[in-house]
Amino acid sequence: MGHRTVYRRGLPVAQILLASTAAWLLVASSRALAQGPQFDAGAPPGAAAGASTVGVPLGAADFPGMQGASIAPFSGRPGPGGSHVPAAALSTPRAPVFRTNAQGSPFAVQPIQEQDIPAYGDLDLPENYEGPASGLTIDQAIELLMKQNLDLIAYRMEVPMAEADILTASLRNNPIFYADYQLLPYGHYSFLRPGGPQQSDVNINYPLDITGKRRAHTQQYRMAKRVTEAQLQDAVRNMIDNLYTVYVDAVSAALTVKFSETYATGIRGLEERMGQLYRGGQVKESDLLAVRAKREQAELQVREALQAKFKANRAVILMLNLSFDDAEAFEVRDPIGKLRPAPMKREELIRAALEIRPDLHAIKMGIKRSEADIRAAKADAYPDVFVLYQPYTFQNNTYLGVQSAYSWTLGLTATVPLYNRNQGNIARAKINRDQTAVQAASTERQVVSDVLDAEQELRQSLISVREFQDEIIPANRKMRDSAYKLYRAGESSILDFLEAQLSYNEAVKQYRDALVRHRRAILDLNTAVGERILP
């Protein structure tokens, strides 16, 4: 009955709710005070959200700061008073985090696709394929690439960044200075409320690296620098390979211009001769118009070939960091007409590539880097030992009417090695070492495959060029000349001759493509081996 009266009136209900809320707040506050400050320890030292250790930008290592694990405060002397060093100040800095997959290399050079140089109209063979004497050779282009390419200039900065990481890892931890004034009363001490005496302390805490963390991390970063240097060499190899692509495109475009101009010169002479015969009444107007159409087509071919040449030149100029204003006057000089077989046997090429290729060297260095990571992870398992020296302790006894006292303290603080807090990082480093070894075996097989493909392509392209030179081009030229003789003798029309010329032109285009293919194969073999074994 009494309860029903309470709920009908409503006012006691508000009081009950208010009292319940206050009680809940009181309980929550007491729990918070009992729980104390919360530390977010995060990942253990050396751990990363990712994995392994080969090929990450070494200058971009992640230093997440201090651990959250607390260490018991130092006490300068027995008794209620003593110096208290902040727990966060005594924690050990984390080791740098490495994200080191081979795919995460900072020298990710994207391969450039070769261009298809268009061939409009007809072609014919010039006498010289090499280009003007003032043209840029492949050796000069490589030299300019090494000096002026902006990407390579940026890549080289990774090495001094790696050296800076070595310097950072080799530095010792700083000692910790701490001063306090303790046992200050709220009011004052008395015989009825005794306390104290008041005390002031000056502490110096010096960390001792008993597990060799500094030495292990220094060696770790030295190995990282060697990996970086090998990756930089591979970036240079890939960048030169890209230069080969755009350079041969420029050579091919210049060759197309030469072929087009040679044919245009010949067809102009034929048109002039046909004009003389037409004016003499010896040929029909339709024959003259057919030759004139071929001449116009040849002139279009020259203009289109020049445009393709300027575009290919700009690609070379872009890589070499030259002025775009020079694209039209830019020329290359390359012995594209010279045939070059492989300078050594296939087995010798494979052996040389396995010794030279910087990408394989980088990943093998990554295995040693992984072993250094294991040693560093083991050294990080236990924090430093701190030696405490308290040269000054002042106890103020004036309120007792006696002389104040001075003293000093020597102490030691160390983590009890009951648990190894770095087991996960050690296990990860070992797995990373095994993973890198598997990647090294895969890269080695890839190197062998690259050499086999390049050597086979060089051999086949050489056979193709020789077939064109010895069989296909002479046969088509003989057919064209025979058709021209028949036309001059009045036994066939001009259309028959132009048809034979068209067949010859197709053979010339294919011959040009075979020359370009062979030149690419020469340079691709250099890239596959990792060294310029052919000019």
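Checking F468 against (1) among the aromatic types (F, W, Y); (2) over 30 Å from E285 (Cβ atoms); (3) modelled with pLDDT under 90: exactly one of these is not met. Which one?
(3)
Just to verify a result, which residue in segment 259-288, among those that are of a type in the set (V, I, T) and within 60 Å of the chain's Cα centre (by Cα), is nearest to R488 (Cα to Cα)?
I267
Quick check on S461: is it of a type outside the set (D, E, K, R) and out of contact with any Lys or Arg (no Cβ under 6 Å at 6 or more places or on another chain)?
Against the criterion (of a type outside the set (D, E, K, R) and out of contact with any Lys or Arg (no Cβ under 6 Å at 6 or more places or on another chain)), S461 does not qualify.
Of all the residues that make up segment 449-479, how many are acidic (D, E) and more than 46 Å from the chain's Cα centre (by Cα)?
2
Taking R292 and the conditions (1) in contact with a strand residue (DSSP E or B) (Cβ under 7 Å, 6 or more places away or on another chain); (2) modelled with pLDDT under 95, which numbered condition does it fall short on, given that it satisfies the others?
Tallying (1) in contact with a strand residue (DSSP E or B) (Cβ under 7 Å, 6 or more places away or on another chain); (2) modelled with pLDDT under 95, R292 fails exactly one: (1).
Mind checking which residues of segment 165-207 are touching a Leu at 6+ places or on another chain (Cβ under 9 Å) and farther than 27 Å from Q395 by Cα?
D165, P207
For S323, only one of the following conditions fails: (1) small (G, A, S); (2) surrounded by fewer than 15 Cβ atoms within 10 Å (Cβ to Cβ); (3) over 25 Å from A141 (Cα atoms). What is its number?
Status for S323: all satisfied but (3).
Taking the condition in a loop (DSSP other than H, G, I, E, B) and among the charged types (D, E, K, R), does R226 pass?
Values: in a loop (DSSP other than H, G, I, E, B): no; among the charged types (D, E, K, R): yes.
So R226 fails the test.
Just name the residue that is farthest from L243 (Cα to Cα) out of those in segment 180-203 that are in contact (Cβ under 8 Å) with a residue 60 or more places away in the chain and not in a loop (DSSP other than H, G, I, E, B).
Q198
Touching a Leu at 6+ places or on another chain (Cβ under 7 Å) and closer than 28 Å to H518 by Cα: does that describe T256?
no
Matching residues to (1) assigned to a helix (DSSP H, G or I); (2) more than 30 Å from L306 (Cβ to Cβ):
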position: P335; (1), (2): no, no
position: K338; (1), (2): no, no
position: P343; (1), (2): no, yes
position: E347; (1), (2): yes, yes
position: E355; (1), (2): yes, yes
position: H361; (1), (2): yes, yes
position: G366; (1), (2): yes, yes
position: A377; (1), (2): yes, yes
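Only residues in segment 418-447 that are outside any helix (DSSP H, G or I) count as the first member; pair them with residues that are surrounded by 13 or more Cβ atoms within 10 Å (Cβ to Cβ) and among the small types (G, A, S), Cβ under 9 angstrom, at least 6 apart or cross-chain, and list the lot.
That search, which allows pairs on different chains as well, returns N420/A381; R421/A69; R421/A381; N422/G46; N422/A47; N422/A377; N422/A379; N422/A381.
Can you pull out every residue in segment 375-410 that is under 30 Å from A437 (Cβ atoms) and surrounded by fewer than 21 Cβ atoms within 10 Å (Cβ to Cβ)?
R375, K378, A381, Y382
Go through segment 109-142 residue by residue and tally those that are closer than 30 Å to A230 by Cβ, loosely packed, with under 13 Cβ neighbours inside 10 Å and at pLDDT 75 or above.
The number of residues fulfilling the criteria is 3.
Which one of the conditions (1) out of contact with any strand residue (DSSP E or B) (no Cβ under 7 Å at 6 or more places or on another chain); (2) at pLDDT 95 or above; (3) among the aromatic types (F, W, Y) does Y278 fail to meet, given that it meets all the rest?
Evaluating Y278 over (1) out of contact with any strand residue (DSSP E or B) (no Cβ under 7 Å at 6 or more places or on another chain); (2) at pLDDT 95 or above; (3) among the aromatic types (F, W, Y) leaves (2) as the failure.
Test of understanding: among Q148, Q219, Q198, which residue is farther than 30 Å from R375 by Cβ and touching a helix residue (DSSP H, G or I) at 6+ places or on another chain (Cβ under 7 Å)?
Q148 is the lone residue from the list that is farther than 30 Å from R375 by Cβ and touching a helix residue (DSSP H, G or I) at 6+ places or on another chain (Cβ under 7 Å).
Taking segment 243-258 as the search range and keeping residues that are under 30 Å from the mean Cα position of the chain (by Cα) and aliphatic (A, V, I, L, M), which one is surrounded by the most Cβ atoms within 10 Å (Cβ to Cβ)?
Top of the filtered list is A250.
The values are calculated or read from the model by the stated rules, or taken from the named source; none is laboratory data. If you're wondering where the values come from, they're calculated on a predicted model, not measured in any experiment. Here the Cβ is made from the backbone with ideal geometry for all residues, glycine too, and neighbour counts use every protein chain on show.
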